[in-house]
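Step one of this worksheet: look at the structure below.
The values are calculated or read from the model by the stated rules, or taken from the named source; none is laboratory data. Bear in mind the structure is a predicted one, so any value in this text is a computation, not a measurement. Here Cβ is always computed from backbone atoms with ideal geometry, including for glycine, and neighbour counts include all displayed protein chains. When the accessible area is computed, the model is the full protein with side chains, heavy atoms only, and any ligands, DNA or RNA have been set aside. Shrake-Rupley method; radii C 1.70, N 1.55, O 1.52, S 1.80 Å.
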Amino acid sequence: MEQPKLAIVVPCYNEEAVLPASAKVLRNILQEMIDKGQVHATSKILFVNDGSRDNTWKLIQQLEKQDSLLTGLKFSRNFGHQNALMAGMEIAGKYADCVITIDADLQDDENLIPTMITSYQAGNEIVLGVRNDRSSDSKFKRWTAETFYSLMGKVGVQLVPDHADFRLLGKRAIAVLMEYQETNLFLRGIVPQLGFSTDKLYYQRKPRLAGETKYPLKKMLSFAFNGITSFSVAPIKAIMSLGLLVIGISLIMMVYTFIRFFTGNVINGWSSLMISLWFLGGVQLIGISIIGEYIGNIYDEVKHRPRYIIETDNYSRTQQSDPEHTATEAK
Ligand code: UDP
Ligand code: MG
């Protein structure tokens, strides 16, 4: 494949502060690759506006007018980062040979993009960007991330540590990815399951170019929890171990109770009774809530609701009016 057609997908949620700057950086990189003949001239940068409440969409529309390399699509409301990535890949994957996803804040190293393409041309269907350094993240974020990856490893979910959502996927990988119909999307877990020849490229993560994180602690925790429950039933199995432990303790308590009974000392058992009552109540509630979490997930999945709703898709429009595309379609 001489010149692959590339689409760079950029999810955007309230990114007005950073968008003009990152659009400029990305378009220059793409322009340079087109000029060098590394990628096809019909390659695009696709901004996915994930229901932003600020001026992000207006900015995207302005950028589209000024620059034919830039284009956008708009969700009808906020559907979340993972769904924005999925939509970008699904739509761009219909026209492009490969798609690179990168966050709007350019914390990931955009200069890796040409190297990703080189790796793709060398035959890799998947190219993962992996951070080799988290010094720009806060101590807390680093700690939560480390705990998360080690926990995921323990419950048996195969992840590539420190790989987020900066990656290249070829058309074939995207087609297979689209067959994963789940509502609770955790792309970092699914991508390693796809197989295909995979390459890893290392880079240093930068601080956010501008604006604030769109992953506050609550969202981060629910994302992490969702990652575990959508890939592993280890928490449910852990309830079994907990139950066995509690039964073990209760056997000891039984022996103790008999001894007290036969020594005629049975009245003053109030404290131990109260403690075990509340303790067992807590254990049972935790057990039920973990099972409930899985039932909740099943509930979400069986409804089979659309993962996202697109209000405007300017990318497909530019592609359909592109004579070269129509020509390849007709073949
Ligand atoms: N994002 C999104 N929808 C959301 C939340 C975030 O599309 O509901 C995008 C956001 O615009 C950014 C990317 O996801 O491009 C990653 O978010 P952020 O940089 O805030 O996360 P962090 O790097 O702090 O984990
Ligand atoms: Mg970020």
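Values as computed for the structure displayed
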| quantity | calculated |
| --- | --- |
| Taking N as its residue count, the alpha carbon Rg of segment 106-214 over 2.2 N^0.38 Å | 1.12 |
| Average accessible area per residue (Å²) across the chain - probe 1.4 Å, nucleic acids and ligands excluded | 53 Å² |
| Ranked packing of 8-16, 186-194, 154-162, 217-225, most packed first, by mean Cβ within 10 Å | 8-16, 186-194, 154-162, 217-225 |
| Sequence of Glu2, Glu179 when ordered by accessible area, the most exposed leading, probe 1.4 angstrom | Glu2, Glu179 |
| Segment Lys237-Glu146, extension gain: residue separation times 0.36 nm, minus the distance between their alpha carbons | 30.4 nm |
| For the chain: relative contact order, % (alpha-carbon pairs under 8 angstrom, 6 or more apart) | 21 percent |
| Spatially close lysines, pair count over segment 169-223: Cα under 28 Å, gap of eight or more or interchain | 6 |
| Cα gyration tensor shape of the chain, rounded if a/c is under 1.5, else prolate or oblate by comparing a/b with b/c | prolate |
| Kyte-Doolittle mean at least -1.0 and Cα axial length at least 30 Å: DSSP H helices in the chain | 234-262, 270-303 |
| Rounded to 5, percent antiparallel among DSSP beta bridges of the chain | 35 percent |
| Simple label model, 7 Å out from Cα along Cβ direction - Gln121 to Arg77, nm | 4.5 nm |
| Average projected area [Cα convex hull, segment 159-270], square nanometres | 13.3 nm² |
| Thr312 - accessible surface, heavy atoms, 1.4 Å probe, Å² rounded to 10 | 40 Å² |
| Euclidean distance between Cα centres, segment 120-167 to segment 1-61, Å | 23 Å |
| Pairwise FRET efficiency - Phe261 versus Asn297, Cβ, R0 = 45 Å, nearest 0.05 | 0.45 |
| Protein accessible area in the chain, 1.4 Å probe - carbon and sulfur % | 61 percent |
| Accessible-area order (highest first, 1.4 angstrom probe) of the listed residues Glu293, Glu182, Glu212 | Glu212, Glu293, Glu182 |
| Solvent-accessible surface (1.4 angstrom probe) belonging to Thr101, in square angstrom, nearest 10 | 0 Å² |
| Accessible area of Ser272 in the full protein assembly, 1.4 Å probe (Å², nearest 10) | 50 Å² |
| Coil-residue trypsin sites (Lys or Arg not before Pro) of segment 1-79, DSSP, other Cβ within 10 Å capped at 14 | Lys36, Arg53, Arg77 |
